[in-house]
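Each remark here refers to the structure printed beneath this line.
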């Protein structure tokens, strides 16, 4: 089933790339609405397509003294994506499902920390879709 969905997405992307990119742009615009003043985007969008119970993994470095906001979206409604933040030793620092599947989390480190960000679709949500993570700082 997973291969069938993935194959369908690939075929759709080949024949209708503007629709795929338009959907990703729409989700990115929705996501960026949670990253407004006083936060400034780091300029990157961490994007992937998730199918079923896949988990995406991204890596980021956070510098001591700055306040950060991670924003996670899948679709244009809130709470469709679960995200987790771990340190480099995989100690969990945050999980959105423990906070009503919030779209974002604000935090600050005292020193520079390399982190792992995981994202997965909420089990009761769609069985496939874009996952977009954005990071801002102030």
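The values are calculated or read from the model by the stated rules, or taken from the named source; none is laboratory data. Note that the structure is a prediction, hence the values are computed from the model and not measured. All Cβ positions, even for glycine, are placed from backbone atoms using ideal geometry, and neighbour counts span all protein chains on display.
Can you report the number of residues in the range 29-59 which are in contact (Cβ under 8 Å) with a residue 60 or more places away in the chain and not in a strand (DSSP E or B)?
Initial filter on the range 29-59 (in contact (Cβ under 8 Å) with a residue 60 or more places away in the chain): 31-32, 34-35, 38-42, 44-58.
Next, only the ones that are not in a strand (DSSP E or B) stay: 31-32, 34-35, 38-39, 52-54.
Total meeting the criteria: 9.
Determine whether the range 28-36 contains at least one residue that is surrounded by 11 or more Cβ atoms within 10 Å (Cβ to Cβ), more than 19 Å from residue 103 (Cβ to Cβ) and modelled with pLDDT under 90.
Taking the range 28-36 as the starting set, the residues that turn out to be surrounded by 11 or more Cβ atoms within 10 Å (Cβ to Cβ) are 28-36.
Then keep just the ones that are more than 19 Å from residue 103 (Cβ to Cβ); that gives none.
No, the range 28-36 contains no residue that is surrounded by 11 or more Cβ atoms within 10 Å (Cβ to Cβ), more than 19 Å from residue 103 (Cβ to Cβ) and modelled with pLDDT under 90.
Considering only the range 82-129, state which residues are surrounded by fewer than 20 Cβ atoms within 10 Å (Cβ to Cβ) and touching a helix residue (DSSP H, G or I) at 6+ places or on another chain (Cβ under 6 Å).
Those that are surrounded by fewer than 20 Cβ atoms within 10 Å (Cβ to Cβ) and touching a helix residue (DSSP H, G or I) at 6+ places or on another chain (Cβ under 6 Å): 102, 128.
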